[in-house]
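In what follows, a single structure is set out as structure tokens and then discussed.
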Amino acid sequence: MTESDKRALQRLAGGDAGPRASVDDLQGLLLQVVFALLMIFMIACFLFVKTTKKAQEEQVLDLNRQKLVLALEKTAEDRRIRYGLNALMTQGTDGSRTFEPDECVQGGAIRLAPAAKSAFASGCRAAFSDYSDASANMASWRADVFSSAQLSEGDLDDGLRQWLDGAIATSVENVRLDVRGVQRSLAARLQRQWIENPSSLGDLGDAGEIADRLKKESLRLVSEAAESEVLP
């Protein structure tokens, strides 16, 4: 390396540009430059690894959420089958579920086909048993969701865990409302048929007494068909 090259490097580094710059001084300067470049490279690598790791963690969380959504839908569907809802309700193209009590109430009484009758009774018994213990019911749902998703509590962060708690609670309540809706729809249809044929009610007093008797009698018949208490 020529002296002019040495002086040029010294000028770039802000050092002495005189001809007395020694080889040792130049080597020290080069080491400083190399060290500075190495530090920049290490910082860049660290930032890249940190960013990549964060992106990977977010991808894993998104994948886990998708697994939990599908598992929750499956668990809810399993519960609807367990409670006999699929045998009694019809599902529209938009995903909504409806129940037509007119087909199940005739002559002021509940008349179900054998298969529907069995599904209604066993389903209502199961629903009453499950919803009688809210804590155990929630725990059962949670265990089924994790099993279906093939995940564990340790795979979730705090945010995803809170989301799952709320999602399970919502699904549990929605299924309960479906069961209750079927039971109350049958009771309402019984009452309407009795009102349409008041002679079947016998001798009653004021309107308040009629309404109270209709409600009690309809719920009694639903409970009898359900072979369990109706859901509150």
Restricting the search to segment 116-141, which residues are of a type outside the set (D, E, K, R) and either outside any helix (DSSP H, G or I) or closer than 27 Å to residue 194 by Cβ (or both)? 116, 118, 119, 120, 121, 123, 124, 127, 128, 132
When the residues of segment 60-76 are filtered to those that are of a type in the set (S, T, N, Q) and buried (at least 17 other Cβ atoms within 10 Å of the Cβ), which remaining residue is modelled with the highest pLDDT? 75
Take segment 153-170 and flag every residue that is modelled with pLDDT under 95, loosely packed, with under 11 Cβ neighbours inside 10 Å and within 14 Å of the chain's Cα centre (by Cα). 159
Could you check residue 110 against (1) within 30 Å of the chain's Cα centre (by Cα); (2) β-branched (Val, Ile, Thr); (3) modelled with pLDDT of 90 or more and say which number it fails? (1)
Selection count, segment 115-142, where residues are farther than 25 Å from residue 172 by Cβ and without any contact (Cβ under 8 Å) to a residue 60 or more places away in the chain: 1
Could you look through segment 207-232, keep only residues that are open to solvent by less than 100 Å² (accessible area, probe 1.4 Å) and out of contact with any helix residue (DSSP H, G or I) (no Cβ under 9 Å at 6 or more places or on another chain), and pick out the one that is modelled with the lowest pLDDT? 207
How many of the residues making up segment 121-152 are farther than 12 Å from residue 227 by Cα, crowded, with 18+ Cβ neighbours inside 10 Å and more than 20 Å from the chain's Cα centre (by Cα)? 0
Could you list, in sequence order, all residues of segment 35-51 that are at pLDDT 70 or above and open to solvent by 90 Å² or more (accessible area, probe 1.4 Å)? 35, 37, 40, 41, 42, 43
Condition test on residue 112, is it part of a loop (DSSP other than H, G, I, E, B), open to solvent by 20 Å² or more (accessible area, probe 1.4 Å) and in contact (Cβ under 8 Å) with a residue 12 or more places away in the chain? yes
Could you list, in sequence order, the residues of segment 77-104 that are surrounded by 20 or more Cβ atoms within 10 Å (Cβ to Cβ), under 27 Å from residue 163 (Cα atoms) and either without any contact (Cβ under 8 Å) to a residue 24 or more places away in the chain or not hydroxyl-bearing (Ser, Thr, Tyr) (or both)? 79, 80, 85
Counting only residues that are more than 20 Å from the chain's Cα centre (by Cα) and assigned to a loop (DSSP other than H, G, I, E, B), which one in segment 77-107 is modelled with the highest pLDDT? 84
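The values are calculated or read from the model by the stated rules, or taken from the named source; none is laboratory data. If you're wondering where the values come from, they're calculated on a predicted model, not measured in any experiment. Cβ: placed from backbone, ideal geometry, glycine included. Neighbour counts: every protein chain shown. Only protein heavy atoms, including side chains, enter the accessible area calculation; ligands, DNA and RNA are left aside. Shrake-Rupley method; radii C 1.70, N 1.55, O 1.52, S 1.80 Å.
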